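Participant: Dropping a structure here in structure tokens format, bear with me for questions.
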Amino acid sequence: MSVELSKHPTPQAEPPRRYDAIVIGAGINGMYQLIRLRELGLSVRVFEAGGDVGGTWYWNRYPGCRFDSESYTYIYSFSRELLDEWDWSEHFSPQPETLRYCNYVADKFDLRKDIQFNSRIRSAVFDETGDQWELETEDGRRARARYLVMALGPLSAPVMPNIAGIDEFEGESYHTGLWPHQPVDFRGKRVAVIGTGATGVQLITEVAKTVGHLTVFQRRPNWCSPLRNRPIASAEMRQIRARYPEIFARCMASEGGFMHVADPRKALEVSAEEREALFEQLYNTPGFAIWMGNFRDTFTDRAANDTISEFIARKIRERVNDPRLAELLIPKDHGFGMRRVPMESGYYEVYNQDNVKLISTLETPIERITPRGIRHGGTDHEFDMIVYATGFDAMLGSYNRIDIRGIGGQRLKDRWAEGPRTFLGIQTAGFPNMMMLIGPHTGASFCNMPRCGEENVDFVADLIRYTEAQGYTRVQPKPQAEAQWTAHVYKVAERLLISQTDSWFTGINRNIPGRDKRVFLLYGGGAPRYREKCAQVVASNYDELEFA
Ligand code: NAP
């Protein structure tokens, strides 16, 4: 039986509330996990740090924020009724619409009654005597459950840059991942943006439309490609709705859960004309076609990768008027697609505006933030506003900021000090009954989130059902199974050029002490292979897991 938590602060001495399962996070995956666990007849409580549902789409409200996945692929597939009821208005939905979708789902399935908002979890400790997790929120409330599902989101711990003087700035300042709920006005203001990843690229393009003067501080440039968004008229939406089964089947067949399936030919086995024609066609196709639908070996072979990098460099040179600026915007340290490709809608043309300036901080880092602005290369630049588009402590940050302790009081942070070790990215040895959604090394980590996320959630629900049905109270991976999966993740990654590049995929974040050694945080074997492995695990009655 579920017990409702009191709405008023509870003294710490009060005994913890008890549930069958606790989910941390009410984003896309946490919401669906709640639905699936309810179906098992379990009492479930979801703890959410934000004030409402939506996760990523709740926090990232910065101007320009939108899907880079086709809207109709970034949707729950579990309910035909839900699919029939929801209309997308654009091929790549803007953040407010996506958040409305999350709210619609929460209302339809009456999810909020089991979600405790504004409740950040401080600690999660496994009690070995009762095989229960005990959690404590930052305001000192406690709750216990047999199962703990981490729906923390891979990109949910925003990181400020390690630049001196950040607290001294007297103007407005924002991190994109903690954007205010009130509109921010850029008109007539001198605005600085630090960071040019997928977020910075979306934000800069939008801010440039109304800003007084914009200065972009770019460290390493990224390879960006046109999103080619457009509205969806109601007749087109009807067609899309009729095609949902086909759309989902196509996503399932692709490596990354997208509509775009890699071309099996090698880039250099076709003629230069054929290659150029394909690149041109992909450049004009909406979404990630140019990344995911390109010659497969652009991910694995440097010479093949050079062909697409040269093509995109040419496009940048064509679009940016000042050749010196164009060169600054072309990455020189990595090839196309080795880091996450930002999708853009007029990004390069922003640098043709008279009121936009690009400052490269690659050779000369920002010296410090001052009360009036930013000091760089001995010059003080004054600003009314600084926007930090400096990203996240990807994959690990959301775990590390909770004090998670497993068997023998071992801290997860310590166990993963040299990089995560997991079985399927879903469990880690020594932390029984803790399941991770889109954790490091899951198939969902390098995939269109809801497509692979739904599969993660279903796997976890099935595993919990099995554990309950067998009368077990503990489940965790066998150490050997974990070692094999982790080795497999690295073996697969070795082939990929992305594993040889500094990015959040490889765990590099120089704003965080000790995070300058590459590990691999994704699963690079593709969604179909991951799905097959999960199916084998289920078919073997979870042979690689240890039950007690
Ligand atoms: P990011 O890709 O990690 O980019 C952070 C940016 O900040 C980089 O340009 C980085 O430069 C710069 N930076 C960080 N610290 C700095 C410092 N101390 N000095 C100067 N520059 C600094 O973060 P993000 O753009 O927020 O994107 C993260 C991920 O979120 C994306 O890869 C994507 O998966 C997801 N995302 C998705 C969407 C979407 O689906 N529509 C939109 C936005 C983001 P360096 O590159 O030199 O480190």
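Participant: Within 15 Å of the ligand (Cβ to nearest atom), surrounded by 22 or more Cβ atoms within 10 Å (Cβ to Cβ) and aromatic (Phe, Trp, Tyr), is that true of Phe520?
Facilitator: Values: within 15 Å of the ligand (Cβ to nearest atom): no; surrounded by 22 or more Cβ atoms within 10 Å (Cβ to Cβ): yes; aromatic (Phe, Trp, Tyr): yes.
It is false that Phe520 is within 15 Å of the ligand (Cβ to nearest atom), surrounded by 22 or more Cβ atoms within 10 Å (Cβ to Cβ) and aromatic (Phe, Trp, Tyr).
Participant: Given the conditions (1) under 30 Å from Gly439 (Cβ atoms); (2) within 24 Å of the chain's Cα centre (by Cα), which single one is not true for Ser345?
Facilitator: For Ser345, the exception is condition (1).
Participant: State whether one or more residues within region 292-315 are within 16 Å of the ligand (Cβ to nearest atom) and under 30 Å from Ile166 (Cβ atoms).
Facilitator: Within region 292-315, none of the residues are within 16 Å of the ligand (Cβ to nearest atom) and under 30 Å from Ile166 (Cβ atoms).
Participant: Grab the strands (runs of 3 or more DSSP E) fully contained in region 384-487, keeping just those with 2 or more residues being open to solvent by 10 Å² or more (accessible area, probe 1.4 Å).
Facilitator: In region 384-487, 403-405 are the strands (runs of 3 or more DSSP E) which contain 2 or more residues that are open to solvent by 10 Å² or more (accessible area, probe 1.4 Å).
Participant: Of the residues Ala143, Ala151, Ala124, Ala198, which single one is under 21 Å from the mean Cα position of the chain (by Cα) and under 30 Å from Tyr19 (Cβ atoms)?
Facilitator: Ala151
Participant: In region 67-83, what residues are charged (D, E, K, R) and surrounded by 20 or more Cβ atoms within 10 Å (Cβ to Cβ)?
Facilitator: Asp68, Glu70, listed by residue number.
Participant: Which ones in region 33-61 are among the charged types (D, E, K, R) and either buried (at least 24 other Cβ atoms within 10 Å of the Cβ) or closer than 25 Å to Tyr174 by Cα (or both)?
Facilitator: The answer is Arg45, Glu48, Asp52, Arg61.
Participant: Hand me the list of helices (runs of 4 or more DSSP H) wholly inside region 54-119 holding 3 or more residues that are within 16 Å of the ligand (Cβ to nearest atom).
Facilitator: Correct list: 56-59, 95-108.
Participant: Give me the pairs: first residue in region 181-206 and aromatic (Phe, Trp, Tyr), second residue at pLDDT 95 or above and within 16 Å of the ligand (Cβ to nearest atom), beta-carbon distance under 6 Å, and six or more apart or on different chains, which are they?
Facilitator: Taking only residues 6 or more apart or on different chains, the pairs are Phe186/Val207.
Participant: Quick one: in region 286-314, which of the residues that are in contact (Cβ under 8 Å) with a residue 60 or more places away in the chain and assigned to a helix (DSSP H, G or I) is most open to solvent (accessible area, probe 1.4 Å)?
Facilitator: Checking each candidate, the answer is Arg302.
Participant: So Gly378 passes all but one of these: (1) in contact (Cβ under 8 Å) with a residue 24 or more places away in the chain; (2) more than 29 Å from Leu497 (Cα to Cα). Which condition number does it fail?
Facilitator: Result: Gly378 passes all but (1).
Participant: Out of curiosity, is Ile359 in contact (Cβ under 8 Å) with a residue 12 or more places away in the chain, open to solvent by less than 10 Å² (accessible area, probe 1.4 Å) and part of a strand (DSSP E or B)? Can you show your working first?
Facilitator: Values: in contact (Cβ under 8 Å) with a residue 12 or more places away in the chain: yes; open to solvent by less than 10 Å² (accessible area, probe 1.4 Å): no; part of a strand (DSSP E or B): yes.
For Ile359, the condition - in contact (Cβ under 8 Å) with a residue 12 or more places away in the chain, open to solvent by less than 10 Å² (accessible area, probe 1.4 Å) and part of a strand (DSSP E or B) - is not met.
Participant: Test each condition in (1) more than 12 Å from the ligand (Cβ to nearest atom); (2) more than 24 Å from the chain's Cα centre (by Cα) for Gly335 and report the one that comes out false.
Facilitator: (2)
Participant: Residues in region 85-106: is at least one under 22 Å from the mean Cα position of the chain (by Cα) and acidic (Asp, Glu)?
Facilitator: yes
Participant: Going by the conditions given, is Val216 buried (at least 22 other Cβ atoms within 10 Å of the Cβ), under 19 Å from Asp502 (Cα atoms), touching a residue at least 40 places away in the same chain (Cβ under 8 Å) and of a type in the set (A, V, I, L, M, F, W, C)?
Facilitator: No, not satisfied.
Participant: Is there a residue being more than 16 Å from the chain's Cα centre (by Cα) and touching a residue at least 60 places away in the same chain (Cβ under 8 Å) anywhere in region 435-451?
Facilitator: Yes, region 435-451 contains a residue that is more than 16 Å from the chain's Cα centre (by Cα) and touching a residue at least 60 places away in the same chain (Cβ under 8 Å).
Participant: Hey, among the residues in region 317-332 that are within 17 Å of Gly200 (Cβ to Cβ) and within 16 Å of the ligand (Cβ to nearest atom), which one's surrounded by the most Cβ atoms within 10 Å (Cβ to Cβ)?
Facilitator: Leu329
Participant: Same structure again: Being more than 16 Å from the ligand (Cβ to nearest atom), surrounded by fewer than 19 Cβ atoms within 10 Å (Cβ to Cβ), in contact (Cβ under 8 Å) with a residue 60 or more places away in the chain and basic (Lys, Arg), is that true of even one residue in region 492-515?
Facilitator: yes
The values are calculated or read from the model by the stated rules, or taken from the named source; none is laboratory data. Predicted model, so just to flag it, every value in this text is computed and none were measured. Positions of Cβ are generated from backbone atoms using ideal geometry, with glycine treated the same way; all protein chains shown enter the neighbour counts. Ligands, DNA and RNA are stripped out before the accessible areas are found, and what is left, the full protein with its side chains, is counted by its heavy atoms. Shrake-Rupley method; radii C 1.70, N 1.55, O 1.52, S 1.80 Å.
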